[in-house]
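Here is the structure we will look at.
The values are calculated or read from the model by the stated rules, or taken from the named source; none is laboratory data. Since the model is a prediction, treat every value here as computed from it, not as a measurement. Here the Cβ positions follow ideal geometry from the backbone for every residue, glycine too, while neighbour counts run over all protein chains shown.
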Amino acid sequence: MTNTAEQTTSFSPGSLVRVRNREWVVQTNDDPDLLKLRPLGGSDDDIQIIMPSLESTKVESATFPPPDSSTPGSYSSAILLRDALRLKLRSGAGPFRSFGHIAVEPRAYQLVPLLMALKMPVVRLLIADDVGIGKTIEAGLIVRELLDRGEISRFAVLCPPHLVEQWQSELLERFHIRAAAVTASSVARLEREIPPGESLFAHFPAVVVSLDYIKSESHRDHFLSGAPECIVVDEAHTCTMTGSGRQLRFALLKKLTADADRHLIMLTATPHSGDDDAFGNLLSLLNPAFSGLSSAGGSQSGTTGSDSLRADLALHFVQRRRIDIGEWQDNSIFPTRKVKDASYALTGEWGSFFDEVREYCYGIAQRAENEKGEKARMMWYATLALLRCISSSPAAAASALGTRLSGKQDSAGDLAEDEFSADERIDDGVGEELASNDLEPAARIDDPERTEELALLEGFLARSNSLRGPARDPKLAKLIKEVENLLKEKFRPVIFCRYIATAEYVAEELKKLLPKAVIDCVTGLLTSDERAEKVSLLSEEEQPILVATDCLSEGVNLQEGFNAVVHYDLAWNPTRHEQREGRVDRFGQESKEVRCIMLYGADNPVDGFIFNVILKKADTIKSKLGVLVPMPDNDRRMRFAVVKAALMKKGRSDYTQTTFDFGEDAELKDIVDSVNERWTDAMEKAKANRTVFAQRRLKPEDVIPEWNRQMAALGDSRDVERFVVEALTRLSAKPDRAGDHRYTIATAPLRPELRERLSSEGIEKTIPVSFEYPPAAGFRHVHRSHSLVSILADHLLETALSPEPSVASRSGAFETSTVDAVTTIYLLRVRHRISNESRANKAELMAEESVALAVAGRSNPVFIPGEEVEKLLDRHPESNLDLSAITREVQKSIDWYADNLALFTAEAERRAEILQADHTRVRSASNIKIGKTVVKPCLPPDLIGVYVLLPSGDI
């Protein structure tokens, strides 16, 4: 072992050293006794921390070897090396540090929240973009950027329980962030993984936490004691002071934001749906002073102070509808949603059965009203359980009746205590608080001791079981016709049902009648992992049909496998309809068109009330405003109206949905008018607030140039496609084209060591890939940070820098008519030290960039502008030279580089100045002092490749 005194750690970050028989790049590190090293050509995953005093060999400065002029390659091999170097960059030097680490190519409009965040010393941001625009991506970009800048080291996502696993998956797949999911069921397992006495929230740098778990006082205090520097809150509207259970969530956020240095990113598609107080609570989390701006009128509206406060709020609040994306020339990424109503008639045996059940329910309700006074409304409402199941399917009807007859239901006298649990199974929730229970409710009767009534129910049960199948079930028959038409037009449908029994029944019947389709059923009986697995497997099929309950209408994105929605059961809350359709109609949907079909009974009074009074009102508001405004809760009176409207219609002969009326029932009309009035008021408030609070500060011309610069530096999807196809072709595994930007890749022809590396990442045998997002069904999306790209780039760079032959060449000379003088393209890798200083902290980071510099002439050299260099690289040479001429010309250019190194170091310093200006421009805001960014190059730059272009005929 060498003498300890000879060991030194005085190497500056970015410098090259040699130890353990290889070259390394020194990384930033606070401990003077240690060296943090990344292998030259390696990734951040390969970083090692060593103690020089314990190494068997001395850590020495190293130099980067120049290209070997005697082993030149073809022009395409030169381009291959350039692409490998650029696509391999992870710690890019541009103002967006995160782009090298993400697995999605963000759209220009999705950079707006990121740019807004970067202009704040502490991020306090409310992202209120419409459903499907990509709020998760926008928030993930901000978090990833703060991590990569060293401004935070830990963060937490707080979200409803049904979104925990989706967030965990999105963070891993799109942003390469491994987060722990903290729920009531997982916390014990997680605590076993951490050292005794250490806080769970301090141990895991990234956590996704269920809001239901965190709301209890003990869990809340535990979280607050170790809360990270950055908090993301999804569905933030559920954390306001108004509404059941929301106060505890709001109190938690209030305590978190009391720390002035804590970053907060809130996400919601409905920040203001008519409740000024709730909206004021959200705004107060950004800044307590904003709470006074909770309405478009607002207190002191028009005053100088109010106008100034609104201008400040615009820095923290972004809200855009899909139609607002049009100015970004990005609206084509969203599909066209075509909605169709499909009616069926309650004919034959099924129609007679429905009428008899409704008459039975009417009799119960009338007796309850006459005999039980104040309990009347509960009994009216209780009868809706059976009516809704009858309207859903014979299977749901049988389940409801069978549960009652088996004795599993409490008596009618216990109804008040059981009202809330019954609500969850009978309706769809209030406003945005959607029900999650997809089990069928039990049918209720007035008097359990009435033997004749039990006999009647037994008869109903037998008849419901006999009405299964399209021959006797007109609703199912209509569904089959609609699904057949969808399949003919190559659509991939999801059929949403209200109850588990209905979903299972529909799936079973469709399997009998559509044998060529692959059909599966997903309900609340499955765990979230089982649901995700079924959806994933079905998405890969050529002709899939997914039948599901509303367990999939929240938290599971279906756009990559499906492009049509059928509402088999009408959702009584229009928010549920929007959520169902939003699973497929969202950012990432490959299809240009999404179909949505709503089935309803043309002579079913239950459907009639929902269809005319609720769904059509919601649709009218959405067409005017561009977004859905949730139906307001009116003390559940609206749902009582549903029951009464359904039961008072005694005949179906003269009944149509388009002429629905309330007869002589003044109370019923008053209920509907009251809800409609409140709903219209909510729409007007939402409309006014969208006008006042719309994001207009950042325009496309402010953002798109930054986006283009970043894509040029890192490589876009076309660069990725060209690189992968060319690399595999030259490695004897040429992909087979399977469509536009789609290929089938076989790994068998590759060398064993490369095959093994790919296999470890799940890339083996034959796989279909797409270089375009969203990918077609059954294809894997390959992006610049995909393991396939990383492994290929690593392999090519490693072999290019080693003595062994490589398909990517570091040198070459070619004849071309595109130059008038000898022109050399020098491919450089420049490392930079980036010092970021903000109010909260100071961080020093390492960054790299790939730079192609072209020099015309050798005696009187002229540097060619960057955009012209790219044009030179894109033009193929006309002819090849013999080996001796190539070697001679390449060596001349290598020697010229060594003799004029000062010119290249000056160019590296100029690049650092440009990058510093880029960083400052992105971070600066006229009224905010953020700190400063200093960029310094690590000299000399690495000379990766030398390619000489000679005028045709010179040799």
Query raised in the report: What are the residues in region 664-685 that are under 16 Å from residue 275 (Cβ atoms), at pLDDT below 80 and surrounded by 19 or more Cβ atoms within 10 Å (Cβ to Cβ), if any?
Result: 675, 682, 685
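Is it fair to say residue 113 is closer than 30 Å to residue 284 by Cα, in the same structural domain as residue 283 (by TED's automatic domain parsing) and surrounded by fewer than 21 Cβ atoms within 10 Å (Cβ to Cβ)?
Working: closer than 30 Å to residue 284 by Cα: yes; in the same structural domain as residue 283 (by TED's automatic domain parsing): yes; surrounded by fewer than 21 Cβ atoms within 10 Å (Cβ to Cβ): no.
Considered against the rule, which asks whether it is closer than 30 Å to residue 284 by Cα, in the same structural domain as residue 283 (by TED's automatic domain parsing) and surrounded by fewer than 21 Cβ atoms within 10 Å (Cβ to Cβ), residue 113 comes out as no.
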Query raised in the report: For residue 83, all conditions in the list (1) in a helix (DSSP H, G or I); (2) within 29 Å of residue 791 (Cα to Cα); (3) touching a Leu at 6+ places or on another chain (Cβ under 8 Å) hold save one; what is the number of the exception?
Result: (3)
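For region 144-202, what are the residues that are among the basic types (Lys, Arg) and loosely packed, with under 15 Cβ neighbours inside 10 Å?
Here is the first cut: in region 144-202, the ones among the basic types (Lys, Arg) are 144, 149, 154, 174, 178, 189, 192.
Hits for region 144-202 are 178, 189, 192.
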**Report entry** Given (1) of a type in the set (A, V, I, L, M); (2) modelled with pLDDT under 90; (3) buried (at least 23 other Cβ atoms within 10 Å of the Cβ), number of the condition residue 548 does not satisfy
**Finding:** (2)
Report summary line: Flagged pairs (Cβ under 6 angstrom, 6 or more apart or on separate chains; first in region 752-780, free of Cβ contacts under 8 Å to residues at least 24 places away in the same chain; second in a loop (DSSP other than H, G, I, E, B)) are 755/747; 764/747
Requested in this report: For residue 562, indicate whether it is part of a loop (DSSP other than H, G, I, E, B) and in contact (Cβ under 8 Å) with a residue 60 or more places away in the chain.
Outcome: yes
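Would you be able to say whether some residue in region 100-117 is among the hydroxyl-bearing types (Ser, Thr, Tyr), in contact (Cβ under 8 Å) with a residue 12 or more places away in the chain and closer than 30 Å to residue 792 by Cα?
Kept after step one, since they are among the hydroxyl-bearing types (Ser, Thr, Tyr), are these residues of region 100-117: 109.
Still in the running and in contact (Cβ under 8 Å) with a residue 12 or more places away in the chain: 109.
Adding the requirement that they be closer than 30 Å to residue 792 by Cα leaves none.
Checked region 100-117: no residue is among the hydroxyl-bearing types (Ser, Thr, Tyr), in contact (Cβ under 8 Å) with a residue 12 or more places away in the chain and closer than 30 Å to residue 792 by Cα.
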Query raised in the report: Can you spot a residue in region 75-91 that is surrounded by fewer than 20 Cβ atoms within 10 Å (Cβ to Cβ), outside the structural domain of residue 136 (by TED's automatic domain parsing), without any contact (Cβ under 8 Å) to a residue 40 or more places away in the chain and in contact with a strand residue (DSSP E or B) (Cβ under 6 Å, 6 or more places away or on another chain)?
Result: no
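Output yes when any residue across region 827-843 is surrounded by fewer than 20 Cβ atoms within 10 Å (Cβ to Cβ) and of a type in the set (A, V, I, L, M), and no when none is. Before you say what the answer is, go through the steps one by one.
Start the filter on region 827-843 by keeping residues that are surrounded by fewer than 20 Cβ atoms within 10 Å (Cβ to Cβ), which leaves 833, 835, 837, 839-843.
Cutting the leftovers down to of a type in the set (A, V, I, L, M) gives us 840, 843.
Checking region 827-843: at least one residue is surrounded by fewer than 20 Cβ atoms within 10 Å (Cβ to Cβ) and of a type in the set (A, V, I, L, M).
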Report summary line: Across (1) surrounded by 24 or more Cβ atoms within 10 Å (Cβ to Cβ); (2) at pLDDT 95 or above; (3) within 20 Å of residue 393 (Cα to Cα), residue 564 clears everything bar (3)
Query - Qualifying residue in region 584-592 (condition: part of a loop (DSSP other than H, G, I, E, B), at pLDDT 85 or above, within 30 Å of residue 772 (Cα to Cα) and of a type in the set (Asp, Glu)) - result: yes
Report task. Just name the residue that is surrounded by the most Cβ atoms within 10 Å (Cβ to Cβ) out of those in region 447-476 that are aliphatic (A, V, I, L, M) and within 14 Å of residue 391 (Cα to Cα). Result -> 476
Query raised in the report: Give me the pairs: first residue in region 394-412 and farther than 21 Å from residue 355 by Cα, second residue of a type in the set (Ser, Thr, Tyr) and at pLDDT 85 or above, beta-carbon distance under 8 Å, and six or more apart or on different chains, which are they?
Result: none
Report task. Report yes if residue 178 is among the basic types (Lys, Arg), over 22 Å from residue 786 (Cα atoms) and either modelled with pLDDT of 90 or more or not in a strand (DSSP E or B) (or both), otherwise no. Result -> no
